[in-house]
């Protein structure tokens, strides 16, 4: 691709949507396909020089995104449309840029995020899905969304979430602030929406697994409070499958001009 001109380096942000099936997660890895490697290769082609993309949240293997936000620095001058359409011609059907735009040099996809919203989708029926088996978590035993919602309210606020962090978690602190957790059912589907300032490794999936267990107890909310206060991963439920998890959107101060992620309701 011929260059449209070089100037001093400037910062560009983008929103990326992807199906994480078949990828080893966002982060670049030596011996496995990653979302980061694919996005960087596509953007490097458009820019005409190597690009390093920084993301808002490092999603794990098999986890999806509708609103992953990235930023990168470049000397190339391209229109927003050129970044999006040019990169998408180099990406597989499972990854797509949805928006791009130049941002202030002080913008940082990870450090300047105010909150992150994840959605977890469960197909709750006796029969598995042939069409959605990589896009939802299938749980065949009956689940009570109302009891799960009530239980989840025990986690609202700023707490030590050690009970819900994986052993591989490298965060320096287990303290996180959860603003809301909403659980609701629509037909055979249950969705769980999580809003927090940040998350520990496997935190959402571990909470989902614990809610599935807690909704069978006589007092689901008390059970969740017990697990939270115990600060012991062994007290919590199993880690829910990655196929149901989506990085839904990332929220920034309005001054940065990052739009809300497109995408619609998705099975809701």
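Summary table below
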item	result
Of all residues making up segment 165-219, the number that are crowded, with 18+ Cβ neighbours inside 10 Å, out of contact with any strand residue (DSSP E or B) (no Cβ under 7 Å at 6 or more places or on another chain) and part of a loop (DSSP other than H, G, I, E, B)	3
Hits in segment 116-161 (condition: surrounded by fewer than 17 Cβ atoms within 10 Å (Cβ to Cβ) and assigned to a strand (DSSP E or B))	157, 158, 160
Residue in segment 15-32 that is on the phi > 0 side of the Ramachandran plot, at pLDDT 95 or above and either assigned to a loop (DSSP other than H, G, I, E, B) or not assigned by TED's automatic domain parsing to the domain that holds residue 170 (or both) present	yes
Some residue of segment 57-66 being farther than 26 Å from residue 137 by Cα and either touching a helix residue (DSSP H, G or I) at 6+ places or on another chain (Cβ under 6 Å) or modelled with pLDDT under 95 (or both)	no
Boolean, residue 248 is in contact (Cβ under 8 Å) with a residue 24 or more places away in the chain, under 16 Å from the mean Cα position of the chain (by Cα) and under 17 Å from residue 57 (Cα atoms)	yes
Members of segment 85-137 that are over 23 Å from residue 34 (Cα atoms) and without any contact (Cβ under 8 Å) to a residue 24 or more places away in the chain	106, 126, 127, 128, 129, 130, 131
Segment 158-183, residues that are under 19 Å from the mean Cα position of the chain (by Cα) and in contact (Cβ under 8 Å) with a residue 40 or more places away in the chain	161, 164, 165, 166, 174, 179
Residue in segment 102-110 that is under 18 Å from the mean Cα position of the chain (by Cα), buried (at least 17 other Cβ atoms within 10 Å of the Cβ), within 27 Å of residue 219 (Cα to Cα) and at pLDDT 95 or above present	no
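The values are calculated or read from the model by the stated rules, or taken from the named source; none is laboratory data. Here the structure is a predicted model, which means the values were calculated and not measured. With ideal geometry, Cβ positions are generated from the backbone for all residues, glycine too; neighbour counts draw on all protein chains shown.
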